[in-house]
Amino acid sequence: DAGAIRVRTRNLFIDGQDNLYILDTGNNRILKFDRNWNLLMSAGPDTDLGLDAPQGLYVDEDGHLFIADTENGRIVHASPEGAFIEAFVEPQDSRWSRDYPFRPVKVYLDPIGQIVMINMEDYHGFAILDAFNKFKGYIAPTRLPYSFVDRIREFFMTPEQKERFGLRLPPIHSNMVIDAKGSIHTTTIRTTAQQYKQFSNIGVNLYPYQGAFGESAGDYTLVRYGKDVVDPQFVDLALDREGIVYLLDNTSGRIYQHDQDGMLLSVFGGTGRYAGRFIDAVSIDADSRGNLYVLDANSGSVHMFQPTAFIRKVKEALRLYYNGEYEASVGPWREILDIDSGYVVAHLGMGKAYMKQREWRSAMDEYRAAGDRTGYSLAFTELRKDLFRRYFGLVILAAGLALFGLVRLLIALRKKQAALSI
């Protein structure tokens with residue numbers, strides 16, 4: 001519990017050695033702990049950093065700190081001990097939009113050392129700076145959706161309604177993680193679909209599932225502070241070493257766990273003032289052991305979650321599957337179904353594994369158990385193709401023999417008819 005040192009936090013980060021960094025926004029300092037919660041470093045107002053309400057933090061492989069110093073309008077590069085090294089400020093480039101002042105809220109480094117940042121309320125997407133503070137451009141901009149239905153609605157709106165309609169805010173990226181391949185994994189708020197995306201280095205969303213994430217009041221009523229919650233607001237995400245994605249919803253306090261294809265594995269967390277529940281969940285990260293750390297800005301506390309034996313078995317099955325060991329992945333899925341025969345994810349996992357092994361009938365059985373009509377249809381289509389390829393020669397031979405027999409029969413009947421007429 002970091003609340004014992006009175007932090008008002010906005011961000012946490014875990015480095016490659018499982019050291020935990022907490023960005024104490026309210027006190028303009030950075031705290032570093034080891035995995036046993038021993039305080040290793042505190043860099044704040046008594047140092048030369050001079051931070052003012054920082055909101056984002058990244059730590060590279062060498063322990064160097066990159067801080068989104070929001071109110072000072074800069075990105076600070078500091079040493080592992082917390083000493084100031086350099087600052088990145090608003091680039092003097094005509095491509096930089098002057099409509100949005102340089103106020104970084106999140107920062108990360110890509111595999112080639114470029115700075116990728118999210119600017120406050122900026123819908124242009126991620127801004128990229130090189131090591132010399134040169135602006136390289138924007139990627140993955142967000143857009144305010146405007147459909148044909150909106151156009152019809154606008155036609156019937158009163159002037160006051162049109163004014164309110166015009167004040168809508170576009171979606172913005174709320175947080176990001178960059179993996180070893182350079183893909184930018186990001187959460188987006190103020191939208192009801194594709195709140196999580198995985199962008200390539202040219203800004204194309206590569207994540208297989210591009211629908212809606214989380215739950216809204218349309219699914220069932222979520223209550224917080226005595227009022228209904230309408231839409232989720234995903235403020236942060238984490239990736240573990242197996243590639244599992246964890247999405248943190250500030251609205252409901254829930255954590256959604258998805259695999260690499262977008263399949264929902266589990267949901268946990270929630271709102272409350274006790275262990276495992278949050279009032280204002282703002283940041284999440286995972287260590288090398290698969291433990292999750294969630295930061296509650298309201299209480300200034302960090303909650304740690306350890307994977308259960310059940311989830312470890314799920315991750316084992318997924319690891320085998322994504323490593324191409326499809327037959328081996330069936331075993332863990334069966335063990336999972338022995339524990340919970342209704343766990344849809346296991347049936348889907350077995351269905352995918354059987355599809356890779358070309359066992360179409362078994363895949364159909366698993367997809368039926370999971371209620372996945374699309375998967376069942378694909379397995380049935382492949383079974384039909386397989387049966388056609390397997391028995392095509394016999395069908396052609398049988399058809400040829402039948403045709404040959406019919407021709408011989410017709411010839412024999414004609415000869416008999418000719419003999420009778422004589």
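Taking the condition at pLDDT 95 or above, among the hydrophobic types (A, V, I, L, M, F, W, C) and in contact with an Asp or Glu (Cβ under 8 Å, 6 or more places away or on another chain), does Phe102 pass?
Numbers: at pLDDT 95 or above: yes; among the hydrophobic types (A, V, I, L, M, F, W, C): yes; in contact with an Asp or Glu (Cβ under 8 Å, 6 or more places away or on another chain): yes.
Yes, satisfied.
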Task: Long-range neighbours under 7 Å by Cβ, at least six apart or interchain, first residue part of a loop (DSSP other than H, G, I, E, B) within region 170-194, second acidic (Asp, Glu) - done: Gly182/Asp110; Thr192/Asp231
Task: Residues of region 264-281 that turn out to be open to solvent by less than 20 Å² (accessible area, probe 1.4 Å) and touching a residue at least 40 places away in the same chain (Cβ under 8 Å), as a count - done: 2
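Every residue in region 73-98 that is charged (D, E, K, R), under 30 Å from the mean Cα position of the chain (by Cα) and part of a loop (DSSP other than H, G, I, E, B), please.
Glu90, Arg95
Filter region 124-161 down to residues that are at pLDDT below 90, not aromatic (Phe, Trp, Tyr) and not in a helix (DSSP H, G or I) and give me whichever is most open to solvent (accessible area, probe 1.4 Å).
Out of the qualifying residues, it is Arg143.
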Task: Selected residue (criterion: farthest from Tyr326 (Cα to Cα)) from residues of region 361-400 that are of a type in the set (A, V, I, L, M, F, W, C), open to solvent by 90 Å² or more (accessible area, probe 1.4 Å) and at pLDDT 85 or above - done: Phe380
TODO: Identify all residues within region 294-305 that are open to solvent by less than 50 Å² (accessible area, probe 1.4 Å) and either part of a loop (DSSP other than H, G, I, E, B) or more than 21 Å from Asp280 (Cα to Cα) (or both); write none if there are none.
DONE: Ala297, Gly300
Open item on the list: Can you tell me how many residues within region 302-352 are of a type in the set (Phe, Trp, Tyr), without any contact (Cβ under 8 Å) to a residue 60 or more places away in the chain and more than 16 Å from Asp365 (Cα to Cα)?
Closed with: 4
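Would you check which residues across region 268-291 are touching a Gly at 6+ places or on another chain (Cβ under 9 Å) and in a strand (DSSP E or B) and list them?
Phe268, Gly269, Thr271, Phe278, Ala281
Where in region 5-72 are the strands (runs of 3 or more DSSP E), entirely inside, with at least 3 residues that are under 28 Å from the mean Cα position of the chain (by Cα)?
11-14, 20-24, 29-33, 56-59, 65-69
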- [ ] Would you check if there is a residue in region 56-73 being more than 21 Å from Phe135 (Cα to Cα) and in contact with a Leu (Cβ under 8 Å, 6 or more places away or on another chain)?
- [x] yes
Task: Yes/no for Arg358 being touching a residue at least 24 places away in the same chain (Cβ under 8 Å) and open to solvent by 50 Å² or more (accessible area, probe 1.4 Å) - done: yes
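Has region 396-405 got at least one residue that is farther than 30 Å from Trp37 by Cβ and either hydroxyl-bearing (Ser, Thr, Tyr) or within 26 Å of the chain's Cα centre (by Cα) (or both)?
Checked against the condition, which is being farther than 30 Å from Trp37 by Cβ and either hydroxyl-bearing (Ser, Thr, Tyr) or within 26 Å of the chain's Cα centre (by Cα) (or both), region 396-405 yields no hits at all.
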Open item on the list: Can you tell me which residue is farthest from Leu348 (Cα to Cα) among those in region 370-422 that are in a helix (DSSP H, G or I) and in contact with a Leu (Cβ under 9 Å, 6 or more places away or on another chain)?
Closed with: Gly375
TODO: Pull up region 282-293, narrow it to residues that are of a type in the set (Gly, Ala, Ser) and in contact with a strand residue (DSSP E or B) (Cβ under 8 Å, 6 or more places away or on another chain), then point me to the one that is surrounded by the most Cβ atoms within 10 Å (Cβ to Cβ).
DONE: Ser283
Task: Of residues in region 99-123 being under 29 Å from Asp46 (Cβ atoms) and not in a strand (DSSP E or B), the one least open to solvent (accessible area, probe 1.4 Å) - done: Phe102
Task: In region 306-315, residue farthest from Tyr354 (Cα to Cα) [restricted to those that are in a helix (DSSP H, G or I) and open to solvent by 60 Å² or more (accessible area, probe 1.4 Å)] - done: Ala309
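The values are calculated or read from the model by the stated rules, or taken from the named source; none is laboratory data. Remember, predicted model here, so these are calculated numbers, not experimental data. As a convention, Cβ positions derive from the backbone with ideal geometry for all residues, glycine included, and neighbour counts pool all protein chains shown. Accessible surface is based on the protein model in full, side chains and every heavy atom, while ligands, DNA and RNA are left aside. Shrake-Rupley method; radii C 1.70, N 1.55, O 1.52, S 1.80 Å.
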